[in-house]
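Engineer: Pasting a structure here, questions to come.
The values are calculated or read from the model by the stated rules, or taken from the named source; none is laboratory data. Only a predicted model underlies this, so the values are computations on that prediction, with no experimental measurement involved. These area figures cover heavy atoms from the full protein model, side chains too; ligands, DNA and RNA do not enter into them. Shrake-Rupley method; radii C 1.70, N 1.55, O 1.52, S 1.80 Å.
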Amino acid sequence: MILTADGIDVVAEATNGAEAVDAVRRTRPDVVLMDIRMPELDGLEATRRILGAGPGGPRVLMLTTFDLDRYVYAALSAGASGFLLKDVTPEQLTAAVRLVRTGDALLAPAITRRLVERFARRDEAASAVHRDLAALTPRELEVLRLLARGSSNAELASSLSLSEATVKTHVARILGKLQLRDRVQAVVVAYETGLVSPGEG
């Protein structure tokens, strides 16, 4: 009702994760608004199945009750582009859907960092499978480190004496080389591979 009233087309609704997966396959939406806790198949597993179907899938925006819910980190690791608390205003909800649709991640870098620092655990096997950072240039590694510590594009530009346009190019190259959806995923990878450690900086 909130989304439709603001001019956003709702192509399907689901009462559990299994229905959500089927609905996405059937309707191919741009954005999926997913509840983490659902009957039959939870939102985390539904998200993994939706995003594991291959490239070109929708962006997933997770809804949760607690801002530091352990499930939030798992959702980001599964490929979600961000999360919202269930008590968001209608305006925040519609703005979030539009933001995620454009390819941006919803979380402020500092919030992302706080989540990752709290829940990330270095796992060498997972890291090896996850991404090979050797594909990145020294400058891209430097950008990724700062990104993972919560720096905005403006802060990155200032720290590295670059223009914001150049920073955006570096970020885009990092995402492309590591086959990541957005900045949130880049932060997760930086911690999981040990490029940045919790509590650094």
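Engineer: Mind checking which residues of the range 154-168 are on the phi < 0 side of the Ramachandran plot and either open to solvent by 90 Å² or more (accessible area, probe 1.4 Å) or not β-branched (Val, Ile, Thr) (or both)?
Structural biologist: So the first thing to find is which residues in the range 154-168 are on the phi < 0 side of the Ramachandran plot, and the list is 154-160, 162-168.
Listed by number, the residues that qualify are ALA154, GLU155, LEU156, ALA157, SER158, SER159, LEU160, LEU162, SER163, GLU164, ALA165, LYS168.
Engineer: Could you identify the single residue in ARG181, ARG118, ARG122, ARG114 that is of a type outside the set (S, T, N, Q), assigned to a loop (DSSP other than H, G, I, E, B), open to solvent by 70 Å² or more (accessible area, probe 1.4 Å) and at pLDDT below 85? Outline the logic, then answer.
Structural biologist: Details: ARG181 fails: open to solvent by 70 Å² or more (accessible area, probe 1.4 Å); ARG118 fails: assigned to a loop (DSSP other than H, G, I, E, B); ARG114 fails: assigned to a loop (DSSP other than H, G, I, E, B).
Selected residue: ARG122, the only one of ARG181, ARG118, ARG122, ARG114 that is of a type outside the set (S, T, N, Q), assigned to a loop (DSSP other than H, G, I, E, B), open to solvent by 70 Å² or more (accessible area, probe 1.4 Å) and at pLDDT below 85.
Engineer: Something else about it: For VAL196, state whether it is part of a helix (DSSP H, G or I), open to solvent by less than 20 Å² (accessible area, probe 1.4 Å) and among the aliphatic types (A, V, I, L, M). Give the steps one after another, and end with the answer.
Structural biologist: On the way: part of a helix (DSSP H, G or I): no; open to solvent by less than 20 Å² (accessible area, probe 1.4 Å): yes; among the aliphatic types (A, V, I, L, M): yes.
No.
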